[in-house]
Protein chains: 2
Amino acid sequence: MSSQTYSISDLARELDITTRAIRFYEEQGLLSPERRGQERIYSPRDKVTLKLILRGKRIGFSLAECRELIELYDPSGGNTKQLNSMLAKISERREQLEQQLLDIEQMKLELDTAEERCVQALEQTLKSQAV
Amino acid sequence: MSSQTYSISDLARELDITTRAIRFYEEQGLLSPERRGQERIYSPRDKVTLKLILRGKRIGFSLAECRELIELYDPSGGNTKQLNSMLAKISERREQLEQQLLDIEQMKLELDTAEERCVQALEQTLKSQAV
DNA sequence: TCGGTGGTTTACGTTTACGTCAAGAAGGAT
DNA sequence: ATCCTTCTTGACGTAAACGTAAACCACCGA
């Protein structure tokens, strides 16, 4: 049952970010690790939170948006009004993700045509060299 | 054949961005509209470019990354080496998009579980109110 | 002729997300 | 006891992506 813990540089290494970034996320309220004296002690849960932050960043979420996601994920039960506003936020996020999916599909199509033009240009080059 | 043109505020209104942003994109080399005297005159192609920028931004691309995409889309044929490096960049971008797809799917799953917890908490609230 | 309306450049301000020292405390090896 | 490593808290610096304000043309209708 010895629940695993991590130092800040453990996580930095494993997740390939700087300790500065991790402390900054805490400063912005996205993380609140245990302390042993001054030292920060991270739980597996903290690690999951960090991964969520990194995923969020990869798809262009701001830290503020990531924090909202984390709060959504948090089991700190609020009152009914909060629950309803949480559901609203969740559906907002879902719409945003759907839009991003469309954007990505469109981007892929554009990469297709760009690639095609590249390949054709290369073929032209090779032909003219063959002469 | 009267090829359509737009003023800067036309595009700002239509694409829901500020004129400042549009000028900034130009300053960063993402756009180079015609001029009539001092005045900027935008073509349909410029509009397409702007839409590409906005799509890029929605999925977290930096302006520098957007500019690369625009250059990829550009038919200004380079030499063979450039073409090969373009193909490499295209496949890099494609990998990044695939990663983003995975990230988004994961996010959607997390929204699912967050929503489920919300709904269950709401049901609990209603039950206890019913007594 | 005069007052908008819409365009321009220049320039400084702001927010976000950290990077980069500096200075110090804590524990372990020699 | 001293040195090394790893941690800590400031505090200032920086790049990106604009916002905002100033000061200036140019045309157009009343």
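If you go through the stretch B:1-22 and keep only what is aliphatic (A, V, I, L, M) and part of a loop (DSSP other than H, G, I, E, B), you end up with B:Met1, B:Ile17. Just one of the numbered conditions (1) within 30 Å of B:Val48 (Cβ to Cβ); (2) within 16 Å of DNA strand C (Cβ to nearest atom) is not true of A:Asp103: (2). Every condition in (1) in the same structural domain as B:Ser3 (by TED's automatic domain parsing); (2) within 16 Å of DNA strand D (Cβ to nearest atom) is met by B:Gln96 except one, and the failing one is (1).
Name the residue, out of B:Leu109, B:Leu54, that is within 14 Å of chain A (Cβ to nearest Cβ), loosely packed, with under 13 Cβ neighbours inside 10 Å, hydrophobic (A, V, I, L, M, F, W, C) and within 27 Å of A:Ile90 (Cα to Cα). Don't jump to the end; show me each part of the working.
Working: B:Leu54 fails: loosely packed, with under 13 Cβ neighbours inside 10 Å.
Among B:Leu109, B:Leu54, only B:Leu109 is within 14 Å of chain A (Cβ to nearest Cβ), loosely packed, with under 13 Cβ neighbours inside 10 Å, hydrophobic (A, V, I, L, M, F, W, C) and within 27 Å of A:Ile90 (Cα to Cα).
Evaluating B:Arg13 against the criteria (1) closer than 26 Å to B:Leu72 by Cβ; (2) free of Cβ contacts under 8 Å to residues at least 40 places away in the same chain leaves one unmet condition, (1). Residues in the stretch B:7-31 that are surrounded by fewer than 11 Cβ atoms within 10 Å (Cβ to Cβ) and more than 16 Å from the chain's Cα centre (by Cα): B:Arg20, B:Glu27.
Being on the phi < 0 side of the Ramachandran plot, in contact with a strand residue (DSSP E or B) (Cβ under 7 Å, 6 or more places away or on another chain) and away from DNA strand C (no atom under 13 Å from the Cβ) is a property that A:Lys47 has.
Criterion applied to B:Ser62, B:Ser91, B:Ser3 was being within 16 Å of DNA strand C (Cβ to nearest atom) and small (Gly, Ala, Ser), and the one residue passing it is B:Ser62. Got at least one residue in the stretch A:30-37 being closer than 16 Å to A:Arg67 by Cβ, within 12 Å of DNA strand C (Cβ to nearest atom) and in contact (Cβ under 8 Å) with a residue 24 or more places away in the chain? The answer is yes; a qualifying residue exists.
Note on the stretch B:89-104: residues that are basic (Lys, Arg) and either buried (at least 17 other Cβ atoms within 10 Å of the Cβ) or more than 7 Å from chain A (Cβ to nearest Cβ) (or both) amount to 2.
The values are calculated or read from the model by the stated rules, or taken from the named source; none is laboratory data. Values in this document were obtained by computation on a predicted structure and should not be read as measured data. A quick note on method: Cβ atoms are made from the backbone with ideal geometry, for glycine too, and the neighbour counts reach across all protein chains shown.
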